[in-house]
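Report on the structure given below.
The values are calculated or read from the model by the stated rules, or taken from the named source; none is laboratory data. Note that this is a predicted model, so its numbers are computed, not measured. Positions of Cβ are generated from backbone atoms using ideal geometry, with glycine treated the same way; all protein chains shown enter the neighbour counts.
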Amino acid sequence: MIINAALVCSAWALTPKQQFYRAENAYAALKKNIRHQKYRDRWLACIEKYQMVYRLDPSGPWAAAGLYHSGLLYLELHKRSYLPADRQEAVDAFRRVIQRFPKSRYTPKSRSQLTRLGKKAPSSASTAAGGHLKKAYAAYDQLKGSAAKQKYRDQWEKCIDRFQKTYRSDTRGPHAAESLYMIGRLYKGLADVSHRKADRDAAMDYFRRVKRDFPGSTFAGKAGAELVGTATSGKVKKNKAADPLADIIAGSHSDSSAVFPDADVQRTGLVTVQGLRFWSNPSYTRIVIDADRETRFSHRLLKKDPSIKKPQRLYIDLSRSRLGKNIQKFVPINDELLSDARAGQYTGESVRIVVDIKSFKNYKIFSLKNPFRIVLDVWGLDAAKQAARPSTSPVKPSTGKLPPGAIARQLALGVSRIVIDPGHGGKDYGAPGYLKGVHEKHIVLQIAKRLARKVETDLKCDAVLTRTTDRYLTLEERTAIANTQNADLFVSIHTNAVRDKRAYGIETFFLNLATDDDAIRVAARENATSAKNISDLESILNDLMQNAKINESSRLAAMVQSEMCLHLKQRFSHIRSKGVKQAPFYVLLGAQMPALLVETSFISNPRECKRLTSAKYQEALCDGIIRGIRKYIKETGPTAFKYPSAGRDQKG
């Protein structure tokens, strides 16, 4: 399964209607091209366009159309792939239409499709409850995102009424336990503001009802945990000084003077904190804080304080900074590691970001430049990743080939998922080619798609593409995709370029301190930064890297470089291996798996630029990379190709 894991950045500029017709045009083009219909990624790219219609406005008039047509395309894809997962995706899409848009003209069409597939449609009561739940969560998100609203009792009660309506519409349905649990959560939040015993008692009553009426529900366990926390916190009286950190964050929402228009920030000479972004899975979360200029920052981990019912928290203070005008100050995360992230004006000239922690094993904080952003990586227990994958029988590595260590032992279980990253994209064209109209972003996307297909067919592994179309992704987002997809290997594809048109050759990089000036030059270009910033980054690199990952990455890079060049030399003249090098590439920072960056050839060289546009050369390049990866997998886990289906995700 070749997966597009990136967000469709360019689509956010369109209206849902425009996006729908964009999807229709893409589907019409696909239906006309028999050759393209053979490739899974072509179908997924089209499905993604329909799904984006829904994501642009989940409650809008075009949302149901987007979901319904994505289901139809999954059915068409299933006719070709025969994968149960594709059929199930279609079923899920049709059910979502029925549940979320009961009055839409696409609801009877979805029911008809489910009947043809032999699947039951959601009941009318369940459908109604699903619609009410959607509205209830919309109200909940508005309440949690506004400290001003949280000051007024009627705002809490309006939200509570929404969830009560959801529960009453189907008291034994799939949303009943969740509705009661959320009512308890809301009464608990209200009690924190009102300090009324009656509100806290109401919260406990609803949590008890969840445990009593729905003992088998996942919300029963959550309600039990809330009962313990609520009972403890009920003994504590209001004490603002007990948690000044939370007060500062809460206060920043209601004090309009704490949020400055961009023009005012520029006049004061302060840095603007522009936004918070995150990616997560059960064992890893990456949060990125965006700012318009570089500034100093500090961070501190605070212990959990049960006496004031506060979880463990991490805060990051940015000096000489103000909140931007449109920043989202409350970002719900709600994964296994973190609850949420909050941004507040700490002092007149500093911003504080607070992250509420559920659990973690380790975390790292570092900054990147051009533009300036602060990256927080949080990891859970190593076992979490293993639990997410089917297991295979471990094999002892042959002596002399593997260094001892956790990574080697883990990889001996086999590689099942490889993330392939076509560099650049969208507004970032990458290096210009020697030939007019040739740009790095287009060439590497073509190569990456070919490589993904070969990963599927030759290695029998899942291939995850960070992008499948011409779209812009930040460098830190690409690594986050690899980590959240639980990738076993990460391969970033690029083309090299220098002013000297005579320069040619192929080289492969892994993350480490730069070995020479040429490596610094390449890293500076790919990082879109300067050589000075590279040296600044190296000063903190030792704290970010783990030797086991470097060792495995260097082994992988050596094998890929060797096999790639050997394979190309058998088919083309003037193939030059520039060897394996190391440098601090942003796109490799924080990767939790062996990772490399391949500079496939010099797009600035006349001969190599022409070759890079050739399908024959691209195929040979990919064959060489596959040979290198296969060699690495075999030496790491000798049985990796005995059972090609082991470890692969199969839904449905």
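Structure notes:
- Given (1) in a helix (DSSP H, G or I); (2) surrounded by 15 or more Cβ atoms within 10 Å (Cβ to Cβ), number of the condition PRO174 does not satisfy: (1)
- Unique residue being in the same structural domain as GLN51 (by TED's automatic domain parsing), of a type in the set (Lys, Arg) and surrounded by 21 or more Cβ atoms within 10 Å (Cβ to Cβ) when the list is ARG95, ARG80: ARG95
- When GLU608, GLU599, GLU635 are checked against the criterion of being within 29 Å of the chain's Cα centre (by Cα) and of a type in the set (D, E, K, R), GLU599 stands alone in meeting it.
- Boolean, SER562 is over 21 Å from ALA497 (Cβ atoms) and either basic (Lys, Arg) or modelled with pLDDT of 80 or more (or both): yes
- Number of residues in the range 451-460 that are crowded, with 24+ Cβ neighbours inside 10 Å and over 19 Å from MET564 (Cα atoms): the value is 0.
- Residue ID - surrounded by the most Cβ atoms within 10 Å (Cβ to Cβ), chosen from residues in the range 144-156 that are touching a residue at least 24 places away in the same chain (Cβ under 8 Å) and assigned to a helix (DSSP H, G or I): TRP156
- Filtered residues of the range 283-300 (kept if touching a residue at least 60 places away in the same chain (Cβ under 8 Å) and farther than 11 Å from VAL378 by Cα): VAL288, ILE289, ASP290, ALA291, ASP292, ARG293, GLU294, THR295, PHE297, HIS299
- Residue within the range 53-64 that is closer than 24 Å to THR115 by Cα and under 24 Å from the mean Cα position of the chain (by Cα) present: yes
- Residues of the range 593-619 that turn out to be outside any helix (DSSP H, G or I) and either crowded, with 21+ Cβ neighbours inside 10 Å or outside the structural domain of VAL444 (by TED's automatic domain parsing) (or both), as a count: 13
- Single unsatisfied condition, SER554 versus (1) among the hydroxyl-bearing types (Ser, Thr, Tyr); (2) modelled with pLDDT of 95 or more; (3) in a helix (DSSP H, G or I); (4) in contact with a strand residue (DSSP E or B) (Cβ under 6 Å, 6 or more places away or on another chain): (2)
- Screening the range 424-472 for residues that are part of a loop (DSSP other than H, G, I, E, B) and hydrophobic (A, V, I, L, M, F, W, C) and picking the one that is farthest from LEU596 (Cα to Cα) gives LEU435.
- Residues located in the range 550-571, provided they are touching a residue at least 12 places away in the same chain (Cβ under 8 Å), surrounded by fewer than 20 Cβ atoms within 10 Å (Cβ to Cβ) and polar (S, T, N, Q): ASN551, SER554, SER562
- Look at the range 48-65: where a residue is under 15 Å from GLN99 (Cα atoms) and a partner is assigned to a loop (DSSP other than H, G, I, E, B) and of a type in the set (S, T, N, Q), sitting 6+ places away or on another chain with Cβ atoms under 7 Å, you get ALA64/SER104.
- The set of residues in the range 130-181 that are within 16 Å of SER59 (Cβ to Cβ), in contact with a Pro (Cβ under 9 Å, 6 or more places away or on another chain) and among the charged types (D, E, K, R) comprises LYS134, ASP141.
Let's see how each residue does on (1) touching a helix residue (DSSP H, G or I) at 6+ places or on another chain (Cβ under 6 Å); (2) surrounded by 20 or more Cβ atoms within 10 Å (Cβ to Cβ); (3) not in a helix (DSSP H, G or I):
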| site | (1), (2), (3) |
| --- | --- |
| GLU24 | no, no, no |
| TYR27 | yes, no, no |
| ILE34 | no, no, yes |
| GLU48 | no, yes, no |
| MET52 | yes, yes, no |
| HIS69 | yes, yes, no |
| TYR74 | yes, yes, no |
